[in-house]
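Any read-out appearing in this document is the output of simple, stated calculations on the displayed coordinates, not a laboratory observation. Since the structure is predicted, the reported quantities are computational estimates derived from the model, not experimental observations. Counting neighbours? That spans all protein chains shown, and the Cβs are built from the backbone with ideal geometry, glycine included.
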Amino acid sequence: MAEMVSLHATVHGRVQGVFFRASVEERATQLNLTGYVRNRPGNIVEVRAEGEKSKLEKLVEYLKIGPPAARVKDVITIWGEYTGGFLNFRVR
């Protein structure tokens, strides 16, 4: 059985106004992950996601790049226990 975990990530750089959240939602949905993505003050995008660790690792790799207009400077990740608290993945 696959290891189920949670992820809290903050993405720093030019990540607002470049379809970053929509592209993360699309990628997370393709990976069958649950959670959300939202803008935070200071040109930061926050991601909370849950699912199989291997799929979350693929999402983190995507967060480091983002859509073509994005310029990611840093991605900070915190791993945690799976809670099952989300039904789907969406933009907040």
Q. What FRET efficiency, computed as 1/(1 + (r/R0)^6) with R0 = 35 Å and r the Cβ-Cβ distance, is obtained for Phe19 and Ile76, rounded to the nearest 0.05?
A. 0.95
Q: Show that you can apply the helix-only estimate: for the chain, add -39,500 (n - 2.57) for every DSSP H stretch of four or more residues, divide by all residues, and state [θ] at 222 nm to the nearest 500.
A: -7000 deg cm²/dmol
Q) So if R0 is 25 Å, what FRET efficiency would Leu87 and Asn43 give, r being the distance between their Cβ atoms, rounded to the nearest 0.05? A) 0.30
Q. By how many degrees, between 0 and 90 and to the nearest 10, does the Cα long axis of helix 20-30 differ from the longest principal axis of the chain?
A. 20 degrees
Q | Helix axis angle, 53-63 relative to the chain longest principal axis, alpha carbon, degrees | A | 0 degrees
Q.
Rounded to the nearest 20 debye, what is the charge dipole size of the range 4-83 about its Cα centre when +1 sits on each Lys and Arg Cβ and -1 on each Asp and Glu Cβ?
A. 300 debye
Q | Cα Rg, Dmax (largest Cα-Cα span) when computed across the chain, Å | A | 12.0, 39
Q: Would you work out which of Met4, Val60, Phe19 lies farthest towards the positive end of the dipole of the chain, given +1 charges on the beta-carbon of Lys and Arg and -1 on that of Asp and Glu, about the Cα centre?
A: Phe19
